[in-house]
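The values are calculated or read from the model by the stated rules, or taken from the named source; none is laboratory data. These numbers come from a predicted model, not from an experiment. Backbone-built Cβ (ideal geometry, glycine too); neighbour counts: all protein chains shown. Keep in mind that these areas ignore ligands, DNA and RNA; they rest on the heavy atoms of the full protein, side chains included. Shrake-Rupley method; radii C 1.70, N 1.55, O 1.52, S 1.80 Å.
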Amino acid sequence: MKTILIANPKGGSGKTTLATNLASYFASCGHQTVLSDMDRQQSSLQWLSRRPAELPRIYAHDAKKSELAIAPDWLIHDSPAGLRGDKLSDAVKAADCVIVPIQPSAFDIGASRDFLSLLTEEKAIRKNKTFVALVGMRVNSRTNSALQLASFLEQAGFPVLTYVRNAQAYVTSAERGVGIFEMRPSLVEQDLQQWEPLLQWVLETA
Ligand SMILES: Nc1ncnc2c1ncn2[C@@H]1O[C@H](COP(=O)(O)OP(=O)(O)OP(=O)(O)O)[C@@H](O)[C@H]1O
Ligand SMILES: [Mg+2]
């Protein structure tokens with residue numbers, strides 16, 4: 001079983017969007033996939049409840065209520081805003097990799113700077129047992145804020161996997177319980193390309 005934690009204590013940074021789309025990718029490849037929600041808001045589990053029955057199954061797990069009953073190929077943990085302390089350490093320790101989405105704004109960069117320095121102190125990360133990577137989220141290229149995010153991410157000490165654009169496809173996929181990998185490819189061509197390096201890193205690292 002490979003475990004991926006999606007984390008950033010900053011609210012609205014794109015954790016659930018990354019978690020649900022990753023789960024849909026693995027399920028659509030035929031892998032047994034569990035989407036585990038650590039968040040009281042339960043956005044990931046709500047997304048799963050909207051998922052059309054004819055699509056490949058993603059198993060739901062409410063991390064606040066129970067232990068995991070099966071050992072799937074892939075376990076994706078969506079985490080809540082504000083995750084820190086022992087809960088963060090436990091989640092990092094249990095993960096093969098941690099993906100941190102960061103949006104291009106001064107507030108997001110400020111909050112993420114503190115979080116990334118907390119991550120560098122985690123024992124599992126220092127000992128190369130858990131690997132961390134960054135994703136620029138809702139990034140419109142050729143904007144000043146995109147440049148500022150890029151210069152922050154590139155000196156942050158972790159690999160920068162990709163920049164995911166701000167796109168209506170993510171909003172639609174959230175509403176419908178699907179991922180961009182399950183939408184008509186002509187609608188999401190650029191988005192699929194942007195995900196390629198992220199998926200490659202996960203497959204090589206986990
Ligand atoms: N690349 C994107 N393009 C367009 N909308 C996006 C994108 N990424 C995220 N969003 C939207 O931004 C909002 C916040 O994203 P999301 O819920 O994934 O963040 P979160 O980190 O899980 O938030 P929380 O901390 O509250 O759990 C959602 O409405 C989501 O649909
Ligand atoms: Mg969320």
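Each residue of the chain gets 111 Å³ once the volume of the Cα convex hull is shared out per residue. Proximity of backbone amide H atoms, modeled 1.01 Å from N, is registered between residue 162 and 136 at under 5 Å, excluding neighbours fewer than 5 places apart on the same chain.
Amide H contacts of residue 98 (H built 1.01 Å from N, in plane; Pro and chain starts excluded): 5, 131, 132, 133 sit under 5 Å, all sequence-distant by 5 or more or on other chains. Take every Cα pair under 8 Å whose residues are at least 6 apart in sequence, average their separation, divide by the length of the chain, and the relative contact order is 26 percent. Solvent-accessible area assigned to carbon and sulfur over the chain amounts to 48 percent, based on a 1.4 Å probe.
In a reduced charge model with +1 at each Lys and Arg Cβ and -1 at each Asp and Glu Cβ, the range 99-198 shows a dipole moment near 180 debye about its Cα centre. From its DSSP helices (H runs of at least four residues, each -39,500 (n - 2.57)), the chain gives a residue-normalised ellipticity at 222 nm of -13000 deg cm²/dmol. A simple packing score, the average count of other Cβ atoms within 10 Å per residue, orders the peptides 47-55, 70-78 as 70-78, 47-55, with the highest score first.
With 20 Å as the limit, the listed pairs 64/127; 2/129; 10/129; 65/129; 2/127; 87/123 have 64/127; 10/129; 65/129 beyond it between alpha carbons.
Taken per residue, the accessible surface of the range 11-127 reaches 48 Å², heavy atoms only and a 1.4 Å probe. For the chain, modelled as a GNM whose springs connect Cα atoms under 10 angstrom apart, the maximal fluctuation among 106, 124, 95 occurs at 106. Here the dipole of the chain is about 280 debye; that uses its Cα centre as origin and unit charges on the Cβ of Lys and Arg (positive) and Asp and Glu (negative).
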